[in-house]
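Trainee: Mind having a look at this structure? Questions to follow.
The values are calculated or read from the model by the stated rules, or taken from the named source; none is laboratory data. This structure is a prediction, so every number in the text was calculated from the model and none was measured. Quick reminder, even Gly has a Cβ in these numbers, built from the backbone with ideal geometry, and neighbours come from all protein chains shown. These accessible areas exclude ligands, DNA and RNA; they are computed on the full protein's heavy atoms, side chains included. Shrake-Rupley method; radii C 1.70, N 1.55, O 1.52, S 1.80 Å.
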Amino acid sequence: MTHSRRNILKAGAAAAALTAAGVALTEGTGQSTTLPLTPCTPGSTTPPIMEGPYFKPNTPERTDLVTSGITGVLLTVSGTVFTQNCTPVTKALIEVWQCDAKGKYDNVTYTLRGHFYTDANGKFSFKSIIPADYIDNGDFRTPHIHIKVQRPTAQVLTTQLFFPDNTDAYGKNFAQLNARDQLIDRRCTITLGTKVDNHYDGTFDLVTY
Ligand SMILES: [Fe+2]
């Protein structure tokens, strides 16, 4: 999803919220109007990216992955799951998994793994940490979060979320890390706010199949 598209999505959601709140929206004509729901491009989902070797099924249902012993730069990611015509999806299944602040995946238990569902407005939010970069079988990977999203009865979309070049975590240069990664898709970059007390708030909307 392009930045402009994400912004359009946000504008649509904001318009919907304002309309729901009873706020009149006006255009240059002075006429009161209601902004249309997002003009999505049919057939355009969040870009899929390969699953990789570390997915594990049967994860616990939870939105807080910062369990005992997990340390790092804290991160909350919030967003909305949309269909391709920009209708929010209720009860969409989201699955996330990632490595820790040292670049290690837990492939034995379920550390930094979990699944959860969107609410009645299609919204989700989960807590985790910013993962580190790692090298796997000689392949360099910039920090990323693996994610799957599935609208009820529809196909699963699998992708990865990345971090902006100016991300401040673990003393690393994210611009250099991102530039080295062969799988990165910049359209899948989480929008981060300002880091406060070792914590980032991030947003990313998902458009599913
Ligand atoms: Fe990975």
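Trainee: Given the conditions (1) under 19 Å from the mean Cα position of the chain (by Cα); (2) aliphatic (A, V, I, L, M); (3) in a strand (DSSP E or B), and given that Leu183 satisfies all but one, which numbered condition is not satisfied?
Mentor: All conditions are met except number (3).
Trainee: Condition first: more than 16 Å from the ligand (Cβ to nearest atom), surrounded by fewer than 19 Cβ atoms within 10 Å (Cβ to Cβ) and of a type in the set (D, E, K, R). Can you find one or more residues in the stretch 100-117 that meet it? Write out each step before concluding.
Mentor: At the first step, the residues of the stretch 100-117 found to be more than 16 Å from the ligand (Cβ to nearest atom) are 108-109, 115-117.
From what's left, surrounded by fewer than 19 Cβ atoms within 10 Å (Cβ to Cβ): 108-109, 117.
Then drop every residue that is not of a type in the set (D, E, K, R), which leaves none.
Among the residues of the stretch 100-117, not one is more than 16 Å from the ligand (Cβ to nearest atom), surrounded by fewer than 19 Cβ atoms within 10 Å (Cβ to Cβ) and of a type in the set (D, E, K, R), which makes the answer no.
Trainee: Look through the stretch 133-156, keep the residues that are hydrophobic (A, V, I, L, M, F, W, C) and within 21 Å of the chain's Cα centre (by Cα), and return whichever of them is nearest to the ligand (Cβ to nearest atom).
Mentor: Here is the first cut: in the stretch 133-156, the residues hydrophobic (A, V, I, L, M, F, W, C) are 135, 140, 145, 147, 149, 154, 156.
Still in the list and also within 21 Å of the chain's Cα centre (by Cα): 145, 147, 149, 154, 156.
Numbers: Ile145: 8, Ile147: 11, Val149: 17, Ala154: 24, Val156: 17 Å.
For the stretch 133-156, the residue satisfying everything is Ile145.
Trainee: So Val96 clears everything in (1) part of a loop (DSSP other than H, G, I, E, B); (2) buried (at least 20 other Cβ atoms within 10 Å of the Cβ) except one condition, right? Which one?
Mentor: It is condition (1) that Val96 fails.
Trainee: Right, Leu183: within 16 Å of the ligand (Cβ to nearest atom), surrounded by fewer than 21 Cβ atoms within 10 Å (Cβ to Cβ) and of a type in the set (A, V, I, L, M) or not? Spell out how you get there, then give the answer.
Mentor: Values: within 16 Å of the ligand (Cβ to nearest atom): yes; surrounded by fewer than 21 Cβ atoms within 10 Å (Cβ to Cβ): yes; of a type in the set (A, V, I, L, M): yes.
For Leu183, the condition - within 16 Å of the ligand (Cβ to nearest atom), surrounded by fewer than 21 Cβ atoms within 10 Å (Cβ to Cβ) and of a type in the set (A, V, I, L, M) - is met.
Trainee: Please tell me if Ala175 is open to solvent by 10 Å² or more (accessible area, probe 1.4 Å), away from the ligand (no atom under 14 Å from the Cβ) and free of Cβ contacts under 8 Å to residues at least 40 places away in the same chain.
Mentor: yes
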